[in-house]
1. Consider residue 88 against the criteria (1) among the small types (Gly, Ala, Ser); (2) surrounded by 13 or more Cβ atoms within 10 Å (Cβ to Cβ); (3) closer than 17 Å to residue 213 by Cα: it satisfies all of them except one. Which criterion is unmet?
2. With the structure loaded, tell me whether residue 13 is in the same structural domain as residue 264 (by TED's automatic domain parsing), surrounded by 13 or more Cβ atoms within 10 Å (Cβ to Cβ) and more than 26 Å from residue 267 (Cβ to Cβ) or whether it fails that test.
3. Whether any residue in the range 210-225 is assigned to a loop (DSSP other than H, G, I, E, B), touching a helix residue (DSSP H, G or I) at 6+ places or on another chain (Cβ under 7 Å), surrounded by 18 or more Cβ atoms within 10 Å (Cβ to Cβ) and not aromatic (Phe, Trp, Tyr) is what I want to check.
4. Based on this model, can you work out whether residue 57 counts as free of Cβ contacts under 8 Å to residues at least 40 places away in the same chain, surrounded by 14 or more Cβ atoms within 10 Å (Cβ to Cβ) and not acidic (Asp, Glu)?
5. Which one is farthest from residue 2 (Cα to Cα) among residues in the range 253-272 that are part of a loop (DSSP other than H, G, I, E, B) and among the aliphatic types (A, V, I, L, M)?
6. Scanning for something closer than 30 Å to residue 182 by Cα, basic (Lys, Arg) and part of a strand (DSSP E or B), does the range 44-63 turn up at least one residue?
7. Give the number of residues within the range 77-135 that are of a type in the set (D, E, K, R) and closer than 24 Å to residue 54 by Cβ.
8. Any chance the range 178-199 includes a residue that's at pLDDT below 95 and surrounded by fewer than 17 Cβ atoms within 10 Å (Cβ to Cβ)?
Amino acid sequence: MVRMAFSTQLAYQVLDAACDFIFNIQAAYTPRQRVTEESLGLTPALKASYYTDAQTQSRFIALRALQGHLSIRYSAVVDLAHFEAAPGELFEISPQSLPGHVLPCLYPSRYCQSDRLQAFASRQFGGLMMGYSRAQAIGDWVHSHVRFQGNTSNSNTSALDTLIDRVGVCRDFAHLMIALCRAVNLPARMVSGIDYGADPVLGPPDFHAYVEVYLADAFGAGRWYLFDPSGTAIPMGFVRFCTGRDAADIAFATIFGSVIAAPPIITIQAVPDSHGNLSLPQHVAYALSTDGP
């Protein structure tokens, strides 16, 4: 188990008479991601509504702010007790045997045009051994064929664009891996959280987009397993916020109005557990999941 402490601060200048916001910046409650402490502050003090999605455990904050300054601050301490599995013991599940809630993650979506990548994905990955190793091969291919560079994409950039341009940021790497996985019938979804362990040359800690692929063990138990095709951080230290088909589902802030936004201020670190033991996230050769019991 690793214990992570993090904080997020967002600030806006609301230009309209009033503006509605939906935030998704809270740690998800999962059986293997336990929130031990958390606090949320709004300036000015505003009434907000809260909703937790029963399937994904994504947590939404909705509020209306009047013209002027708005800031939201969230901090938490989270215990990550990952489920660990040997990659060679994880297998693909045929579409007809998948749980119903997984099926949408087989379909094309706004940023992941898997239907347009089927021929390419079949040539590149169709002949590989099915299972975790094929998902990892797709992630490795994306990592080796796309260059990480900030400010090279925008909110309209899709997986197809990234395949052509071969450059992008974490969300672009994730979109391309997801689209290629779905193109060979591997259910894949996008996750937002916070990066940990990234090279400081890439900048301060930031929101991070990565991938989960649905695979089963030898007993048929299915879980979502973590992959980070950008390779910029340490997956064992990722704190999960929300999951969805692509970036359209998992924005940390959705804004209905005109604002000026300041850059997010984010901190994250590993801290000692209740017994005083400090475990640092590290790269590992086995599969990790924060899903399920």
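The values are calculated or read from the model by the stated rules, or taken from the named source; none is laboratory data. From a predicted model like this one, the values you see are computed outputs, not experimental measurements. All Cβ positions, glycine included, derive from the backbone under ideal geometry; neighbour counts span all protein chains shown.
1. (2)
2. Working: in the same structural domain as residue 264 (by TED's automatic domain parsing): yes; surrounded by 13 or more Cβ atoms within 10 Å (Cβ to Cβ): yes; more than 26 Å from residue 267 (Cβ to Cβ): no.
No; evaluated as a whole, the condition is false for this residue.
3. Checking the range 210-225: not a single residue is assigned to a loop (DSSP other than H, G, I, E, B), touching a helix residue (DSSP H, G or I) at 6+ places or on another chain (Cβ under 7 Å), surrounded by 18 or more Cβ atoms within 10 Å (Cβ to Cβ) and not aromatic (Phe, Trp, Tyr).
4. Working: free of Cβ contacts under 8 Å to residues at least 40 places away in the same chain: yes; surrounded by 14 or more Cβ atoms within 10 Å (Cβ to Cβ): yes; not acidic (Asp, Glu): yes.
So residue 57 fits the description; yes.
5. The first filter runs over the range 253-272 and keeps only residues part of a loop (DSSP other than H, G, I, E, B), leaving 257-258, 262-264, 271-272.
After this cut, where a residue has to be among the aliphatic types (A, V, I, L, M) as well, the list is 262, 271.
Details: 262: 31, 271: 8 Å.
Filtering the range 253-272 for residues that are part of a loop (DSSP other than H, G, I, E, B) and among the aliphatic types (A, V, I, L, M), the one farthest from residue 2 (Cα to Cα) comes out as 262.
6. We begin by selecting, within the range 44-63, every residue closer than 30 Å to residue 182 by Cα; these are 51-60.
Still in the list and also basic (Lys, Arg): 59.
The next check asks that each one be part of a strand (DSSP E or B); those that pass are 59.
For the range 44-63, residues closer than 30 Å to residue 182 by Cα, basic (Lys, Arg) and part of a strand (DSSP E or B): present.
7. 2
8. Checked the range 178-199: at least one residue is at pLDDT below 95 and surrounded by fewer than 17 Cβ atoms within 10 Å (Cβ to Cβ).
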